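Report on the following structure.
The numbers here are math on the coordinates, done by the rules we state, and not lab data. Note that the structure is predicted; figures quoted are calculated from it, not measured. Here the Cβ is made from the backbone with ideal geometry for all residues, glycine too, and neighbour counts use every protein chain on show.
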Amino acid sequence: MMRMCRHATNWRSRTGNVLTLLAVGSFLFACIPLSKTPEPGRQSFSFSVMGDVPRGAAEIVLLDSQIVNLNTRGTSKFSFHLGDFKRGSEPCDEAVYERVSSQLQKINQPVFMLMGDNEWNDCENPETSWDYWFKHFSIFENRWDHHLQVDHQIEQIDNFVFNYDGVLFLGLNVVGSRIHDQVIWDTIESNDIIWMRRNIENSHADALVIVAQANPELNHPNLITTFQKLAAEFKKPILFLHGDGHYWTFDSGWKTPNMTKIQIDKGGIADPLEVSYHPDKPYPFSFDRDPFK
């Protein structure tokens, strides 16, 4: 038990160091103004979602091609990468994190990064991999010039939130695979729950989109319980997007009638998913799994 507590303290210290550096720099945490009532004249818009890519040399080339299509043929306002940008069997060398970061920065619109298990808790040294991830992907969207008002959780800086034209977007650290340290795992789950409550309770957004790496039904029971309660209270449409399972699943009415859960295809077999939001439709989300055809 003493080993686990020292490990957890060191982990929190490392996260605190990142926060200190970010506070000194130009990354300022903005509060998100949420409309109390839906504003008239909302416009449709699209965003892209990818994950589990690039895994191996061939997918590095494939991702470059997908990025070109995103830039020249896509209509998305911003993108999400749901983590696992390397195979679990590959070494967690810093050069991999640096290369993927540089590759994704070729995308013209802001990219929001979610942590995956392959680049953190499945690594031989999760503490070092955690540091690599934060060095190269923390508040990743600020590598672009944009006008989005994004807030990052102080307790868990890779968790984020922003409102785009009446839709609340919420990013959570929910990874799959093994529980490498129960204390750290429980702390992150607790932070996720705090973040959900802080942003979903009393929200006046017209819809909610939540993005994470993995299905929270795997090893995240407390998160699921809270999530189900908040979703039922929110009542309006909710879309939960995750990767990790590699193949498309579509669960309508997941946990509550107003929520849809989608597991996206891995990037090696499909282009980034394009999600469109239509504020004038009873069900406001539509999905294009082949947006560059």
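Round to the nearest 0.05 the FRET efficiency obtained for L218 and R197 when R0 = 22 Å and r is the Cβ-Cβ distance.
0.50
When ranked by the protection proxy of mean other Cβ atoms within 10 Å per residue, highest first, what sequence do the peptides 187-196, 58-67, 156-165, 231-240 form?
156-165, 187-196, 231-240, 58-67
Convert 4 °C to kelvin, take the viscosity as 1.567 mPa s, use the Kirkwood radius over C-alpha pairs of the chain as Rh, and evaluate the Stokes-Einstein diffusion coefficient in µm²/s, rounded to a whole number.
Working: Rh = 19.3 Å.
Here the translational diffusion coefficient equals 67 µm²/s.
Would you list V211, V275 from fewest to most Cβ contacts within 10 Å?
V275, V211
Could you check what % of the DSSP bridge pairs in region 46-288 are antiparallel, to the nearest 5? It would help to have the intermediate numbers written out before the result.
Working: 20 of 41 bridges.
Counting only bridges with both partners in region 46-288, antiparallel ones make up about 50 percent.
Work the Kirkwood hydrodynamic radius out for region 201-293: mean of 1/r over every pair of different alpha-carbon atoms, inverted, in Å.
Values: mean 1/r = 0.0709 Å⁻¹.
With all distinct Cα pairs of region 201-293 included, I get 14.1 Å.
Contact order normalised by length for the chain, with contacts defined as Cα pairs under 8 Å and 6 or more residues apart; what percent is it?
It rounds to 21 percent for the chain.
If each residue's Cβ is checked for other Cβ atoms within 10 Å, how do E98, E141 rank with the fewest at the top?
Starting with the residue having the fewest Cβ neighbours, the order is E98, E141.
So for the pair K106, I60, with labels modelled 7 Å out along Cα→Cβ, what separation do we get in nm?
Each label point lies 7 Å from its Cα, and together they span 1.1 nm.
To the nearest 500 deg cm²/dmol, what mean residue ellipticity at 222 nm is calculated for the chain from DSSP H runs of n ≥ 4 alone, each contributing -39,500 (n - 2.57), summed and divided by the residues? Show your work: numbers first, answer last.
Values: 6 runs with 96 residues, N = 293.
Using -39500 (n - 2.57) per qualifying helix, the result is -11000 deg cm²/dmol.
Pull up the cross-link candidates among the lysines for K86, meaning alpha carbon to alpha carbon under 30 Å and not fewer than 8 places away within one chain.
Within the straight-line limit of under 30 Å, K86 reaches these lysines: K77, K106, K135, K261, K266, K293.
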